[in-house]
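Right, one structure below, let's go through it.
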Amino acid sequence: MHELGVLDEFLKRPHQEVREIAGQVGQDTVTIGDFTYLPTRCHFLALMPQWDFLNFVVEQARRYPTFHLTMQAEVTDLIVEQGVVVGAQAKTPDGNLEIRASLTIGADGRHSVIRRRAGLEVKNLGAPMDVMWMRISRHPNDPVQTFGHIDRGRILVLINREDYWQCAFVIPKGAADEIRHRGLSSFREEVTSLAPFLSDRVQELHDWKDISVLTVAVDRLVQWSRAGVLCIGDAAHAMSPIGGVGINLAIQDAVATANLLGEKLLHGTPSEEELQIVQRPRRFPTWATQQIQITIQNRAIGRVLGRPRSLTLPWQLKLLRRWPILRRIPARLVGIGVRPEHVKTPEVTTIRETTVA
C-alpha cells in the first residue's frame, strides 16, 4: 500500500493493528511473534475484513478509465479458440455474460473454476485438519492480543476484530459431522474450556448455521498457466490457514504479474512462454511457505488433534520465551514472507522518482 502511494487512505479504513501474537499451550503462555521490528513502513499487521479491503481496492482502481467491475458474476467456463483461452463465460442476475480478453487471470480461490476449466494439473499436499469459523462478541475488558489456545485434542484461535472475536476452532479432517452429532451445547463447552472468558456469551452461537466449516486444502499447480490464461493466489496454490499468509502470497503474485506482464499487455497478448515467467520468481516462496505449513500441520497440529497423553510446551516455543529476539523470525515469515515483491510498474516508479527529485 505504501509503494502504491495509498497507505494513508488505507489506514483510514476500520482495521486492527496487531503488534504481537501469542499462544497458550496447556497452562503456558508465550509470545510467538513480535511485529514491531518489521522492516516496513508500519511496524504492525493491519487486520481488515476481506469485503472492506476489496472495496478499498475497487475504489483505487476506479481512477483508471478502462477499469470495469461486474458484481454478482460467477465464472462458469473459459472461451477457448484453437487451443488458446480468449476469455471467460459468466452467469449474472441479468443473464449469461461473455468476456473476451488478451489475458484471463484466475484469482478465484482454492475452488477455482478457471484452473479446473483450463485443465491445469494440481498437486495435492494434504492437510490433517479442517476449521470451524464463528464470531463471538468482544468486550472491552477482553484480552487485546490475537491468541491461540491449544490443549489435548483441541485448538482455538481468536482474532481480535475490535467489537467481536473471529474464532477458528481447529478439528481433525472430516470431523465436522461428528462434532455436530454431539450437539451444540457440547461444542460451546469445548470453546469455553479453551477460552473461559467467553463463557458469558458463547450462547450467541444459537444454531449450527452460525458456524461455517472451512475444508482445509494445501495444494499447488504444477504449471500456473497455459496459452491465454494465468492463475495466481489460492487458484495457483491453496494455502493452509496457518499464519494467515494466503493473502500475502496472493498479493505478491499480483505484484509480480503486474511487474512482469504489464508492459507486454500494452502491446498485445503475452505468449505462453511469457506467461510462464510469472511462476519462476514465485515458485520458491510458495514451496517454502507450504513446507513450513505442512511441517507445523504434521508435527504440531496433527499431534495435538490426536489427543496425546500429555501436552508440554515445545522446545521451539521455549526458545521464543527465553530469547525474545527470536520472535522476529515468525513475525517476518507471517508479515512479509519468504520473498517479498515490490511494485515496479512504470506509473508508480515515475511517481517515486518525481517525489525523490
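Descriptive notes on the structure:
- Some residue of segment 216-227 being part of a helix (DSSP H, G or I), touching a helix residue (DSSP H, G or I) at 6+ places or on another chain (Cβ under 9 Å) and aromatic (Phe, Trp, Tyr): no
- Residue match in segment 134-148 (condition: surrounded by 17 or more Cβ atoms within 10 Å (Cβ to Cβ), of a type in the set (A, V, I, L, M) and more than 16 Å from Thr31 (Cα to Cα)): yes
- Tally, over segment 100-121, of residues that are β-branched (Val, Ile, Thr) and at pLDDT below 95: 0
- Gly126 passes every criterion in (1) farther than 19 Å from Ala46 by Cβ; (2) surrounded by fewer than 18 Cβ atoms within 10 Å (Cβ to Cβ); (3) over 20 Å from the mean Cα position of the chain (by Cα) apart from (3).
- Residue list for segment 56-72, filter: in a helix (DSSP H, G or I), over 25 Å from Ile336 (Cβ atoms) and either modelled with pLDDT under 90 or not charged (D, E, K, R) (or both): Val58
- Meets criteria (aromatic (Phe, Trp, Tyr), touching a helix residue (DSSP H, G or I) at 6+ places or on another chain (Cβ under 9 Å) and in contact (Cβ under 8 Å) with a residue 24 or more places away in the chain) for Phe67: no
- Output for segment 145-185, where each listed residue is outside any strand (DSSP E or B), closer than 20 Å to Phe197 by Cα and under 22 Å from the mean Cα position of the chain (by Cα): Gln145, Arg161, Glu162, Asp163
- Restricting Thr76, Thr36, Thr40 to residues that are closer than 27 Å to Thr146 by Cβ and not in a helix (DSSP H, G or I) narrows the list to Thr40.
- From the list Thr76, Thr92, Thr29, the lone residue that is free of Cβ contacts under 8 Å to residues at least 40 places away in the same chain and touching a Gly at 6+ places or on another chain (Cβ under 8 Å) is Thr29.
- Candidate set from segment 155-172 (those that are buried (at least 18 other Cβ atoms within 10 Å of the Cβ) and of a type in the set (Phe, Trp, Tyr)); member that is nearest to Leu214 (Cα to Cα): Phe169
The values are calculated or read from the model by the stated rules, or taken from the named source; none is laboratory data. None of these values were measured; they are calculated from a predicted model. Positions of Cβ are backbone-derived with ideal geometry, glycine not excepted, and every protein chain shown enters the neighbour counts.
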